[in-house]
Amino acid sequence: MGNIFLIMFAAILTENFIFSRFLGICPFLGVSNKPSTAFGMGMAVTFVMTVSSAATWAVYHLILEPLHLEYLKTIAFILVIATLVQFIEMFLRKYVPALYGALGIYLPLITTNCAVLGSALLNIQKGYGFGESVVFGFSSALGFTMAILVFAGVRQRIEIANPPRAFRGFPILLIAASLAAMAFAGFSGMSFN
Amino acid sequence: MEIVITIAVFLGLGALMGVLLAVSAKLFHVPVNEKVNEIRACLPGANCGGCGYSGCDAAAEAIEKGEAEVTACTVGGAEVARAIGAVMGVEVGEVKRMRAQVMCSGTLEAAAKKYIYEGAADCAQAAAIGGGNKLCPDGCIGLGTCAAHCPFGAISIRDGVAVVDHEKCMGCGVCVAHCPKGIIKLIPFDSAHWVGCMSRDKGKDVRAYCEVGCIACKMCERACESGAITVGDNVASIDYSKCVDCGKCVEKCPRGIIWSAGRQSNGEFVIARKTK
């Protein structure tokens, strides 16, 4: 049980997907212009990452491992995740239209997101069991959501600030993101071993 | 042999996924109203949000349901309204193209300042501090919040006042919603005259802080033969359903704040006001 909490804590803070692993930077910069859209993206990522952690664990341990095809896990995972997202989208559209409307365009956007694939590959690399994999996927996505929400708040202030001309737009965003990442580096001092 | 197994496994996996998606596509099929797609195809696709919906998709759905008028898209204008009307089976009357107009002439030299503002470049923030840095309670703050929100890049700040480019403006009304002073109005696209002031202060006060403010002298009201221009709440305003663009008010205005826009004989588009 304690192990589960360690995994959650590490995934959210010390090994945050965005600020220390630099995964999922594309949606982080792309859809963080408003807190509401950032939250929508975060929820979609959380949903998909949790389900895909479970699915890819099953594919790896039930299909790839027995057949000694571990070296092809990246391709297999891309296939599984893409299918899964499509499937979820169709399912939600039919049975949970409210959630479908809320996740909207964000679901198809994360079909090929590196954070989702990253969590699947990290699960294997760390040798997590099924439960641990799901928890890792879920809490990594929570970390992602937190990071993108925090940054959306920062961005609201940047937008009305008046930086030097050369820094306007993306340059100042990248600087702000790097400052946030440095702040998060402070968590890496914590050790749980 | 190994390669055969690998290929077989991945072919199998791919086929399985394909079948799964194909089956679920049938199983979870949601009938989409064809009309929505047709309406969506008619809309411009700028997703500006001027109609009040989150984008063209949402607008198409609302039009299909009857929640929005077929003329909801101001950007598309008459052409789009007619196309949507054809889809919906509704006759569309005349649709007037509108454009946004900032009703302030108080440039940096003309309008006196209340204080020096050095905060963030956002009109709403400046407006929260004593209603902005101009002494006039209804003057353009000029920090460009409208320009930042304009989906068509039609607004620029000149001499501390927002100016709308007539050619670029699509009349979507996004700027009208974002102006904290409420001094941007939608007027008919081809109207040649407008009153460049919305100050509701008394004439004496306006005179004290702005060279180009309406003092409510009613000279324009008397000059207008069609009864289109009236003074109320200490400021002149034009009723565009009556205005015939004769330009008599322009001549009479002692403050020179009634603007005229039009093409000159050499084809040049000129926007000007009478200067003393």
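Some points to look at:
- Per residue convex hull volume, Cα atoms of chain B, in Å³: 221
- C-alpha long axis of helix B:77-88 to longest principal axis of chain B, angle in °: 40
- The share of accessible area on the protein assembly as shown that comes from carbon and sulfur is 61 percent, using a 1.4 angstrom probe.
- Note on the stretch B:74-223: Cα-Cα pairs beyond 28 Å make up 28% of the total pair count.
- Whether the stretch B:163-215 is rounded, prolate or oblate, judged on the alpha carbon gyration tensor where a/c under 1.5 counts as rounded: prolate
- For the stretch A:152-178, residues shielded by at least 20 square angstrom of accessible area compared with the chain on its own, probe 1.4 Å: A:Ile160
- For chain A, the relative contact order is 42 percent, taking Cα pairs closer than 8 Å that sit 6 or more residues apart in sequence and dividing their mean separation by the residue count.
- Legend: residues in the stretch A:89-128 shielded by at least 40 square angstrom of accessible surface upon adding the remaining protein chains to the isolated chain (1.4 Å probe, heavy atoms) are A:Met90, A:Arg93, A:Lys94.
- Extreme residue, positive dipole direction of the stretch B:5-127, given options B:Cys42, B:Met88, B:Ala120 (C-beta unit charges): B:Ala120
- Chain B: angle of helix B:56-65 to the longest principal axis, Cα-based, in degrees nearest 10: 90
- Contact order relative to length of the stretch A:75-168, as percent, for alpha carbon pairs under 8 angstrom and 6 or more apart: 24
- GNM on chain B, alpha-carbon springs under 10 angstrom: the most fluctuating residue among B:Gly247, B:Gly76, B:Gly232 is B:Gly232.
- Extreme residue, positive dipole direction of the stretch B:166-219, given options B:Val174, B:Pro188, B:Ala216 (C-beta unit charges): B:Ala216
- Residues of the protein assembly as shown: accessible area per residue with a 1.4 Å probe, Å²: 51
- Theoretical ellipticity at 222 nm over the protein assembly as shown - DSSP helices of four or more residues, -39500 (n - 2.57) apiece, nearest 500: -14500 deg cm²/dmol
- Euclidean distance between Cα centres, the stretch B:184-253 to the stretch A:118-151, Å: 63
- Helix runs (DSSP H) in chain A reaching 30 Å along axis by Cα, Kyte-Doolittle at least 1.0: A:35-59, A:73-95, A:130-160
- Accessible area buried, both sides summed, chains B and A with 1.4 Å probe, Å²: 1800
- Kirkwood-based Rg to Rh ratio, the stretch A:97-146, C-alpha trace: 1.05
- 9 Å beta-carbon shell around B:Ala60, net charge (K/R +1, D/E -1): -2
- Each Lys or Arg adds one and each Asp or Glu takes one away; over the other residues whose Cβ falls under 13 Å from the Cβ of B:Ile183, this sums to +3.
- Projected area averaged over orientations for the stretch B:197-276, convex hull of C-alpha atoms, nm²: 5.7
- Extent of the protein assembly as shown along its three principal axes (Cα atoms, max minus min coordinate, largest first): 96, 59, 40 Å.
- The orientation-averaged projected area of the convex hull spanned by the Cα atoms of chain A comes to 12.4 nm².
- Translational diffusion of the stretch A:62-157, µm² s⁻¹ [Kirkwood Rh, Cα pairs; Stokes-Einstein; 4 °C; 1.567 mPa s]: 85
- For chain B, the relative contact order comes to 13 percent (Cα pairs under 8 Å, sequence separation of at least 6).
- When the alpha carbon coordinates of the stretch B:27-157 are projected onto the principal axes, the ranges are 63, 40, 22 Å, largest first.
- Cross-link partners of B:Lys96 among lysines, defined as those whose alpha carbon lies under 20 angstrom from its own and excluding same-chain residues fewer than eight positions apart: B:Lys168, B:Lys185, B:Lys242.
- Nearest-0.05 FRET efficiency for A:Met190 and A:His68, computed from C-beta distance (R0 45 Å): 0.70
- Efficiency of FRET from Cβ geometry, B:Ile116 and B:Lys204, R₀ 22 Å, rounded to 0.05: 0.30
- Inter-label distance, nm, simple model (7 Å from Cα along the C-beta direction), A:Lys34/B:Asp245: 3.6
- Estimated FRET transfer efficiency when R0 is 51 angstrom, pair B:Ala78-A:Phe9 (beta carbons, to 0.05): 0.25
- Residue-normalised convex hull volume from the C-alpha trace of the stretch A:1-85: 129 Å³ per residue.
- Gyration tensor over alpha-carbon atoms, the stretch B:5-102, equivalent ellipsoid semi-axes in Å: 42, 16, 10
The values are calculated or read from the model by the stated rules, or taken from the named source; none is laboratory data. Just so it is clear, the structure is predicted and the values come from calculations on it, not from any experiment. Every residue, glycine among them, receives a Cβ derived from its backbone with ideal geometry; neighbour counts consider all protein chains shown. Remember, those area values only see protein heavy atoms, side chains included, never the ligands or the DNA or RNA. Shrake-Rupley method; radii C 1.70, N 1.55, O 1.52, S 1.80 Å.
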